[in-house]
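Beneath this line is the structure, given in structure tokens, with notes to follow.
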Amino acid sequence: MTARESQPATARGYEPVIGLEVHCELRTETKLFCGCRNAFGDEPNTNVCPVCLGLPGSLPVLNSKAVELAMRIGLALHCEIRPSTFHRKNYFYPDMPKDYQISQYDEPINVGGFLELPDGYRVGVVRAHLEEDTGKTTHVGGGGRIHDAEYALVDYNRAGVPLVEIVSAPDLRSAAQARTYVAELRSILVATDASDGRMEEGSMRVDANVSVRAAGSADLGTRCEIKNLNSLRSLVRAIDYEAARQAEVLESGEAVVQQTRHWDEKESRTVALRSKEEAFDYRYFPEPDLVPVAPDPQWQTDVASALPPLPAERRARLRQLLGAPAAPGAPWDPGAPPTAAQEDQIATVVEHGLDELVTSAAEDGVAPSLALARTANEASADPHRARGLDRRAYVSLLEMEERGQVTATQAKAVLAELLERGGDPVDIARRRGFEALGADSLAGAVAVVVGAHPNEWERYRHGEDKLAQFFIGQVMKVTKGKADGKTVVAELQRLRG
Amino acid sequence: MTSGPASLLSAQVRAGERSAVEVVERHLDAVARIDPELHAFVTVLNDGAVAAAAAVDTVVAAGRDPGPLAGVPVAVKDNMCTRGVRTTCSSRILEHWHPPYDATVVERLTAAGAVVIGKTNLDEFAMGSSTENSAFGPTRNPHDPSRVPGGSSGGSAAAVAAGLAPIGLGSDTGGSIRQPAALCGVVGMKPTYGTVSRYGLVAFASSLDQIGPFARTVSDAALLFDVIGGHDPMDSTSLDRPAPRTATVVGDGVDGCRVGVVRELYEDAEPAVRAAVSAAAEALAGAGAVIEECSIPEVRHALPAYYLLAPAEASSNLARYDGVRYGLRVDAPDVESMNAATRAAGFGAEVTRRVMLGTYALSAGYYDAYYGQAQKVRTLIIDAFRRTYEQVDALLGATTPTTAFAIGDRVQDPWAMYLSDVFSVPSNLSGDPAISVPFGSDDAGLPIGVQVLAPALGEPMVVRVGAVLEAAAPPLGQPRLADRALLGGSSEPS
Amino acid sequence: MAERLTREDAAYVARLARIQLSEEELERYAEQLADVLEHAAAVAALDTEGVHPTSHPLPLRNVLRRDEVWPCLDRAVVLAEAPAAEDGRFRVPRILGEPL
């Protein structure tokens, strides 16, 4: 099979149908069923106790905070919160201390919600349930590949960490859309403070159920579940690969076999996992060591009312801001749609939780489009520091740029230092020798450059607008970079009349 | 009401009349002499017990309250965790396992001044009715060493019957306290599910397991229950309310109480056992109780339902013995073979049988017919008891169909062995309390137990009825294997 | 229910339960399990239409713990019980199957 070199499924007349199962670790202090610390990166087997090690005689007691965070996720995904129970999923694996996983099965806490993508498309959320994580296995020898390994080492620090598994309906129709779904879900998890959503640390893990069907058909094809998707990039590549593979199977007249497949990043392909007959007989039964959890209406209301604004709502607010009058008394055109670039900027700002930088600057009178651009394009490079940025300093910098006291390039440099060390942008600009040219010296510089290049000026005068770039470059040379590009163009246009 | 040896010893230690160390050493001495033949203990805590007793004496000497069980030796079934002291469940797979923590009941015993003198033998992982399924060999019945003590808590029952400890702890999943209590001629109580914490009790069947007391008198059993009962935040299935107090009501009698004699709980028993139930009913009537004949047909479904539910839970509870984190490991080239070889070597035949049975009952395609159906039958039984308790305050029946059987008699026929639990299993399914009290003996002098059942949290009722039966019971011969002096209430050197 | 449990069923169950059994043991367990299941058939035949299954004898709900850290075990104590350990972790032979 050489599906990766072959045509995508869509080019063959097939439509991919994708559903995602996203596991996210909850941001609790302690594990789901015991008081051991829920922490990433500690020394192996130091956050363990009789309960999470599954020692004989130990019993689980449910962490109320985990229930609350699961409810937050459910409410943010418009789910119904239901009385729920826990089951045991029985299978042997060394990283599972009890050789069963406690998970919600036929009575999950959250059911029947949806997630709205930035473009308004709604993806069904079938359920979002609580379960415990497993420990971590390291395969030793044989180059780290499971089957060639000599032996394995197990660390149970992660065993019992609370997870919520969010199961989408098979509503996604492309790898790109799946990517958007995961990005949006991650924003929601971060916004609700339920999870840190870090795929690279494994605190958010995605499995994809992929099938294909003839374009236009309403039937569902046989699906394969793809595991080991450790980044958004591998999610996209794996789905594209798998859809193409299945399309090729169907085209050759064969049937897709339902199976679990592993994404091999190095080889850029999915490979079937070996499965034994008994591997799927999990013998679920109600966990007798736990009792049902049925959050009462008061608890649900408390959790709902404490939910922060969600990404969709925050994006709407930023869009509204862009259409709002730039200054008091100026005409307001609420219908002006953001450009595609601005939509991307809005998505970035919300994804990184930097909305307040934009809104507070706009409130202080900075043009929202400028605040949005700087925040999305520059500040978001270091979202953690950006969230801690001094609001007054940021506004002051944007104002300097707006007034032409620093150029765009200089503003970016000042911002980088602000993020790095903090301080007063005025001081930083002065120390670095940044001062945009005054209007007079700029006009002078433009006049000098125009005089030195009469042929180009003639062509520009006769409408060859692209020569503006040439003049900007020349003016920059003369002013040693202190000119602002936009102001140069304005001066050129003034001279052209 | 007969006050028991545990309360006497505690009173003496608290009053400073005897030291806890002396009491404990006296019992350890009896263990050393008698247990080689009786084999009630898997592990004896010689040094640890004396040190614990000395700590009690220090408290007494300082004028502080040493607790209601001050200096009282206790025999603890070896499926309850004791920190640093091996806890084997009488299984090869845990033969050398040292828990890093104490079970809640062990903590409560210690806090009450009691001294754990040893860990007692059981059917491996509490699966059995004779203590023959111990990987370390069977325990003998003190009344006839050729016979079984019952099980699975046979070690604790035999230790208490032989005078090696005045009180003991057992666990009862399908009768594992009451059945050996009956066969050894001691008192054994299975409390209401949720009144005694299961934290640190190595699980057999989680929705049925309950820890309870063994004693030679009802009042001692009540005293011990009051110490170990009560809410525990470490057990989600622990009732979040004070456990009923029983020691103070043991002598309240049964005047005016309505007691139902349940046909299904005695009619298939052997004649001597049936006669004991009738005599017990008469004794209660003589004490002022209103006796009613009653029938609960659903009880007949309890045993088959139990033998689907308990193994199913057990199959999952015992999965963790896989050779990875603790306990036995049999080496093999890959982890899957290592798991399978370890479990084959570590589990005895009965455990293997039940794990397989339970795995089957839960497996794809059979869940509804077996496990699901048994859960529904459980509902039917609970409802039937509830209806019955609208008419009566307590129920009376036999504890077991027969007296102690010979070692080796039933090991080849699982279902014949399972039938030993036929009268005790219904209370585990309902979750309600039940007590077994000695009531005479058969022609061979083997003890007979009668059983008193009550609705949930009816421990005060079962001890009241039990105490009346105790007072009226025909005398029981002294066990052949015992420290007679300790049994006689005297603990002077023999 | 009518089908009597076979040696093949017993072999499947032994794999599920991860217990290595010889041919002879499988035969014997198959017989014994089949016998016990015959007694259980009485339960299977009961009419339980509309009866709610009881998984627990108590009517408890919402038993919850506060999200507070408690002391963990000392790693040396934990690993002292391990059949094999290396580098602060539990050591096991190579793993053939995949976690599912």
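What follows draws every value from the coordinates through simple rules; no lab data is involved. These numbers come from a predicted model, not from an experiment. Positions of Cβ are generated from backbone atoms using ideal geometry, with glycine treated the same way; all protein chains shown enter the neighbour counts.
Structure notes:
- For the pair C:ASP47 and A:HIS384, label points projected 7 Å from Cα toward Cβ lie 6.8 nm apart.
- Ranked list, fewest to most other Cβ atoms within 10 Å of each Cβ, for B:HIS39, C:HIS52, A:HIS23: C:HIS52, A:HIS23, B:HIS39
- Estimated inter-spin distance, A:ALA413 and B:ALA111, nm [label 7 Å along Cα→Cβ]: 7.0 nm
- Subset of A:LYS65/A:LYS98; A:LYS31/A:LYS136; A:LYS136/A:LYS227; A:LYS65/A:LYS89; A:LYS412/A:LYS482 violating a 18 Å alpha-carbon distance limit: A:LYS65/A:LYS98; A:LYS65/A:LYS89
- Here the relative contact order of chain B, from alpha carbon pairs under 8 Å that lie six or more residues apart, stands at 19 percent.
- Between helix C:7-16 and chain C there is an angle of about 20 degrees, using the helix long axis and the longest principal axis of the Cα atoms.
- Positive minus negative residues near B:TYR367 (Lys, Arg vs Asp, Glu; Cβ under 11 Å): -1
- Against chain C, whose longest principal axis is taken from its Cα atoms, helix C:23-44 shows a tilt of about 70°.
- Dipole check for segment B:302-375: with +1 at the C-beta of Lys and Arg, -1 at the C-beta of Asp and Glu, and the Cα centre as origin, the magnitude is about 180 Debye.
- Using the average count of surrounding beta-carbon atoms within 10 Å as a protection proxy, the listed peptides B:287-299, C:61-73, C:85-97, B:179-191 rank, highest first, as B:179-191, C:85-97, B:287-299, C:61-73.
- Share of alpha-carbon pairs per 10 Å distance bin for the protein assembly as shown, given as whole %: 2, 10, 16, 19, 16, 12, 9, 7, 5, 3, 2, 1, 0, 0
- FRET efficiency, A:HIS462 to A:GLU402 (Cβ-Cβ, R0 30 Å, nearest 0.05): 0.35
- Rounded if a/c under 1.5, otherwise prolate or oblate - chain C, Cα gyration tensor axes: oblate
- Calculated diffusion of segment A:439-496, Stokes-Einstein form, Kirkwood radius summed over Cα pairs, 25 °C and 0.890 mPa s, µm²/s: 224 µm²/s
- Segments A:192-198, B:409-415, B:75-81 sorted - mean Cβ within 10 Å per residue, highest first: B:75-81, A:192-198, B:409-415
- Shielding by other protein chains, A:62-75, mean Cβ within 10 Å: 2
- Farthest toward positive dipole pole in segment A:3-304 [+1 Lys/Arg, -1 Asp/Glu at C-beta], among A:ILE188, A:LEU77, A:SER174: A:SER174
- Were the residues from A:ALA452 through A:ASN377 laid out at 0.36 nm apart, the gain over their Cα-Cα distance would be 23.4 nm.
- When the alpha-carbon atoms of chain B are used, the pair Rg, Dmax equals 21.0, 70 angstrom.
- Within the shell defined by Cβ-Cβ distances under 10 Å, the residues around A:LEU419 carry a net charge of -2, with Lys and Arg each +1 and Asp and Glu each -1.
- Its relative contact order, with pairs defined as Cα atoms under 8 Å and 6+ residues apart, puts segment A:3-304 at 25 percent.
- Spread over its residues, the convex hull of the C-alpha atoms of segment A:3-304 is 144 Å³ per residue.
- Assigned charges on the beta-carbon of Lys, Arg, Asp, Glu; chain B dipole about Cα centre (debye): 440 debye
- Residue-by-residue Karplus 3J(HN,Hα) for segment B:339-356, coefficients 6.51, -1.76, 1.60, Hz, glycine and proline x: 4, 5, 6, 4, 5, 5, 6, x, 9, x, 4, 5, 5, 4, 4, 6, 4, 5
- Under the convention that each Lys and Arg Cβ holds +1 and each Asp and Glu Cβ holds -1, the size of the dipole of the protein assembly as shown around its Cα centre is about 2360 debye.
- Here A:VAL489, C:VAL13 are placed in order of increasing Cβ neighbour count within 10 Å, fewest first, which gives A:VAL489, C:VAL13.
- Projected label points at A:ALA340 and A:GLU356, each 7 Å from Cα along the beta carbon direction, are separated by 3.4 nanometres.
- Dividing the helix sum by the residues of chain A, where each DSSP H run of 4 or more adds -39500 (n - 2.57), gives a mean residue ellipticity at 222 nm of -11500 deg cm²/dmol.
- Per-pair calculated FRET efficiency, R0 = 35 Å: A:GLU200 and A:SER252 via Cβ, rounded to 0.05: 0.40
- Separation of segment A:172-210 from segment B:184-261 is 50 Å, based on Cα centroids.
- 5 angstrom amide H check on B:GLY260, placed H, neighbours 5+ away: B:GLU292, B:ASP393, B:ALA394, B:LEU395, B:LEU396
- Proximal charge balance of B:VAL324 [Cβ under 12 Å; K/R count +1, D/E count -1]: +3
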